[in-house]
1. Of the labelled options [x] 19.1; [y] 17.1; [z] 18.0, which one gives Kirkwood radius over Cα pairs in Å as computed for this structure?
2. So what's the net charge close to residue 119: Lys and Arg +1, Asp and Glu -1, counting the other residues with Cβ under 12 Å from its Cβ?
3. Highest mean first, what order results for 30-36, 40-46 on Cβ atoms within 10 Å?
4. So what is the calculated 222 nm ellipticity per residue for the chain, using -39500 (n - 2.57) for each DSSP H run with n of 4 or more, over all residues, to the nearest 500 deg cm²/dmol?
5. Given the C-alpha centroids of the range 1-42 and the range 121-153, what is the distance between them in whole angstrom?
6. Convert each backbone phi in the range 43-55 into a coupling constant with the Karplus relation 6.51 cos²θ - 1.76 cosθ + 1.60 (shift: θ = phi - 60°), then list the ³J(HN,Hα) values in order as whole Hz, x for Gly and Pro.
7. Step through the residues of the range 12-26 one at a time and calculate ³J(HN,Hα) from phi using the Karplus curve (6.51 cos²θ - 1.76 cosθ + 1.60, θ = phi - 60°), rounding each to whole Hz and writing x for Gly and Pro.
8. Residue 131's amide H: which non-local residues (gap 5+, or another chain) put their own amide H closer than 5 Å, with H modeled 1.01 Å from N in plane and none for Pro or chain starts?
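What follows is calculated from the coordinates using simple rules that are stated; it is not laboratory data. What you see is a predicted model, and the numbers here were worked out from it, not measured in a lab. Cβ atoms come from the backbone with ideal geometry, glycine included; neighbour counts cover every protein chain shown.
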Amino acid sequence: MTDFATYDTGFNANEWFVIAAFVIAASFIWVFPRILSPLETCYALLAGMVFGLIADHTIAVPPLDLYDVGDDSSFTLFDLFSYVMYAPFGYWFIYWHVRMRIRGAGTALYIVLWTIFGFGLEWLGELAGVFHYKNGYRIEHSVPVYLFVQSLHLALYKLAFSRDRLGKSSRG
């Protein structure tokens, strides 16, 4: 059994980081041209949120228990909002892949660049007190998680929304 830890008790930098990251990333969705169908948009938003939640709950809860999110080691309502924060980033991950028409080896580079971006956001989140590493976990250990999750996100998107499978009218 893991010990309960409290990192802070107020509404401060970690909550503001989650709110700001979500608002900034989500607000640009309404500014940029819509190139994804409504179904693709739903997939990208939900996959961003669900994959973040699954990854976190795979390695951040017992038996691994490698880090805590938020003010303490329990699951709080605001922790749920931190998973909602991942939704627009899932959207942008798919959006730019489609918009830039990335194919072949470019896909691997794209995933690496998004891994660097995710690593940077996680580092800022760590500075703001969103993430609290423990049991030997370090931020560098997140790199293979990002590579796997983003590869899965993109592979499932391509499987579900293949233009050959759906026909060219799938974006209309």
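1. Of the listed options [x] 19.1; [y] 17.1; [z] 18.0, [y] comes from this structure.
2. -2
3. Packing order, densest peptide first, comes out as 40-46, 30-36.
4. The helix-only estimate for the chain comes to -21000 deg cm²/dmol at 222 nm.
5. Rounded to whole Å, the Cα centres lie 15 Å apart.
6. After applying 6.51 cos²θ - 1.76 cosθ + 1.60, I find 4, 4, 5, 5, 5, x, 6, 5, 5, x, 5, 5, 4 Hz.
7. Using θ = phi - 60°, the values come out as 9, 3, 5, 5, 5, 4, 4, 4, 5, 4, 5, 4, 5, 5, 6 Hz.
8. 70, 126
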